[in-house]
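I have placed the structure first, in the form of structure tokens, so that the comments after it can refer back to it.
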Amino acid sequence: MIIRKLFHHAGALTALCVLTCSPSGNVHAQDDGATEFLNQMGEAIAGLDEFIVTGDGYTDDRLDAGQIIEHSMDVTMRVSRPGGAMRITNIDSEGTKEIYYGDGDLTVFNTTGNFYAQRNMPEGIDAAAEFAVNELGIDAPMLDFVFNDVADHFLEDAESVDYFGLSLFRGKTYHQIGIRYPEIDVQVWIAAEGEPLPGKLAISSKWEAGSPRSIFFFSWDTSPDFDRSGFAFEPPEGSARIAFEFDVDQ
């Protein structure tokens, strides 16, 4: 699962506690249905030829003095499976970071230094996503929703999978699923009405000091009107092309 591999790159991740933090006292984990809801989510995502996911994320960061502060970001992911194309845009206070995949090429772009790197990857979107995480260490939890076998990625190496009942946020009802891994705990909220797509994702470190967390909220457009040029990377004026570190070593 990419989220598990990414967590230590994210700095630290965030949770909200608004007015009252006590409903968990009445929540009891049940195994019934949890895996099935994850499978339904995976099948729904695999059945989409094209989609756009927009999200806002909130991540904790622990300062040297021990104080935990919150960072926020806006993320957009565009995927076209028939076109073999993907684009992920992450915008925060430091700038914009983007991942492009199209025409068999993977491009990573960062506005902070105005640089980009490219590599030919004809194997497809799934392989490009795996490469971005495993080889480049890119932090983009949305990548977990790119794959044709999303549920398998969430269940890989899971120690337990539990169902915590229905949860209401932002005016919609979701099934709340908890997944435990050796290093982190993950929660995913899957829509209880309409298409079973994820609306929220939370990641918690189990052993890092302060138990930093992150929360991401998602909105799905399953019938986008894509401008095909939106998947094509055009180097901005003055940008520099660099090599991936391992490419330099070869």
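The values are calculated or read from the model by the stated rules, or taken from the named source; none is laboratory data. Just so you know, these numbers come straight off a predicted model, no measurement behind them. Glycine also receives a Cβ, built like all others from the backbone with ideal geometry; neighbour counts cover every protein chain displayed.
Below are the figures for this structure:
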{"quantity": "Sole residue being in contact (Cβ under 8 Å) with a residue 24 or more places away in the chain, part of a helix (DSSP H, G or I) and either within 15 Å of the chain's Cα centre (by Cα) or surrounded by fewer than 19 Cβ atoms within 10 Å (Cβ to Cβ) (or both), chosen from ALA127, ALA117, ALA132", "calculated": "ALA132"}
{"quantity": "Residues of the range 53-70 satisfying the condition of being part of a strand (DSSP E or B) and either surrounded by fewer than 19 Cβ atoms within 10 Å (Cβ to Cβ) or within 13 Å of the chain's Cα centre (by Cα) (or both)", "calculated": "VAL53, THR54, GLY55, ASP56, GLY57, TYR58, THR59, ASP61, ARG62, ILE68, ILE69, GLU70"}
{"quantity": "Condition broken by GLY95, with the remaining ones in (1) without any contact (Cβ under 8 Å) to a residue 24 or more places away in the chain; (2) closer than 12 Å to PHE231 by Cβ satisfied", "calculated": "(2)"}
{"quantity": "Test set (1) over 19 Å from PRO198 (Cα atoms); (2) in a helix (DSSP H, G or I) - THR107 fails condition number", "calculated": "(2)"}
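Here's the yes/no breakdown for (1) surrounded by fewer than 20 Cβ atoms within 10 Å (Cβ to Cβ); (2) under 23 Å from VAL75 (Cβ atoms); (3) at pLDDT 90 or above:
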position: MET142; (1), (2), (3): no, yes, no
position: HIS153; (1), (2), (3): no, yes, no
position: ASP162; (1), (2), (3): yes, no, yes
position: GLY165; (1), (2), (3): yes, no, yes
position: ARG170; (1), (2), (3): yes, yes, yes
position: ILE177; (1), (2), (3): no, yes, yes
position: ILE190; (1), (2), (3): no, yes, yes
position: GLY199; (1), (2), (3): no, yes, yes
position: LYS206; (1), (2), (3): yes, no, no
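Rundown of residues vs (1) charged (D, E, K, R); (2) surrounded by 15 or more Cβ atoms within 10 Å (Cβ to Cβ), yes/no style:
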site: ASP74; (1), (2): yes, no
site: SER80; (1), (2): no, yes
site: MET86; (1), (2): no, yes
site: GLY113; (1), (2): no, no
